[in-house]
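Notes follow once the structure below has been shown.
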Amino acid sequence: MEYFTNPYNFVPFTGTCQREPLNLGPQECMTGYFECELELLTPLFIPNTSNKYALCSEEERNKKYTGYEFCSYEDLSGNIQPGKTGPKDPVIPGSEIRGAVRSVYEAAFGGCASTMRVDTVVGQEVPKKTYPGVLVREAENKCCFIPCKRATFNERRYFREGQEIWVKLEKSYHDQNGTSFFYMSVKDYQMPDGRNKPSDYYRGWIH
């Protein structure tokens, strides 16, 4: 495969893309909310999934037909009589509005351009927890996965995600609800500065 297509990158870049690290401290980050209004221009149906037979007659239920009611905060899992004209309070879930707003934002501001930052750390959550690791690019089309071990790090200074650090580890003891267990924690650390790593330190990354 000679190229990768992200379905969100539907707004092409014009000219060249300038890659620059994003140098923001914790006090410079922004958060908040905005208000918006939604006007339906086409028919819309969002099902209430608490009962997929809500609008079905007994004969239709026996034939395994489905008849969803429109989305609402009502729990329709009980026996619903067919012929109901509509939900008590129909609603559009916030997740539906979020997707519409995100599409407008990405069209206006260059798609998922945030994923093109040079300092972006790519990660993924998996249902089954496994060992952590670091994915390192060795060549243009070749990557290497480096298995890692977790260690608790309680330093309060600001570190960016994925930043390299040298750590000295120690085994710590913890008792919780009558259950005792050991875990690895960072006893001391150093920042890489071009010199060789001390032999009693491990190479690590902030997450």
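The values are calculated or read from the model by the stated rules, or taken from the named source; none is laboratory data. All of these numbers come straight from a predicted model, not from anything done at the bench. Cβ atoms come from the backbone with ideal geometry, glycine included; neighbour counts cover every protein chain shown.
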Qualifying residues in segment 62-74 (those that are modelled with pLDDT of 85 or more, of a type outside the set (S, T, N, Q) and surrounded by fewer than 16 Cβ atoms within 10 Å (Cβ to Cβ)) - the one nearest to Asp89 (Cα to Cα): Tyr65
Hand me the list of strands (runs of 3 or more DSSP E) wholly inside segment 127-207 holding 3 or more residues that are touching a Lys or Arg at 6+ places or on another chain (Cβ under 8 Å). 164-176, 179-190
Would a scan of segment 112-134 turn up a residue that is modelled with pLDDT of 80 or more, surrounded by fewer than 10 Cβ atoms within 10 Å (Cβ to Cβ) and not β-branched (Val, Ile, Thr)? no
Condition set hydrophobic (A, V, I, L, M, F, W, C) and out of contact with any Asp or Glu (no Cβ under 9 Å at 6 or more places or on another chain), scope segment 10-37, selection modelled with the highest pLDDT: answer is Cys36
Please work out if Tyr202 is under 23 Å from Lys129 (Cβ atoms) and modelled with pLDDT of 90 or more. yes
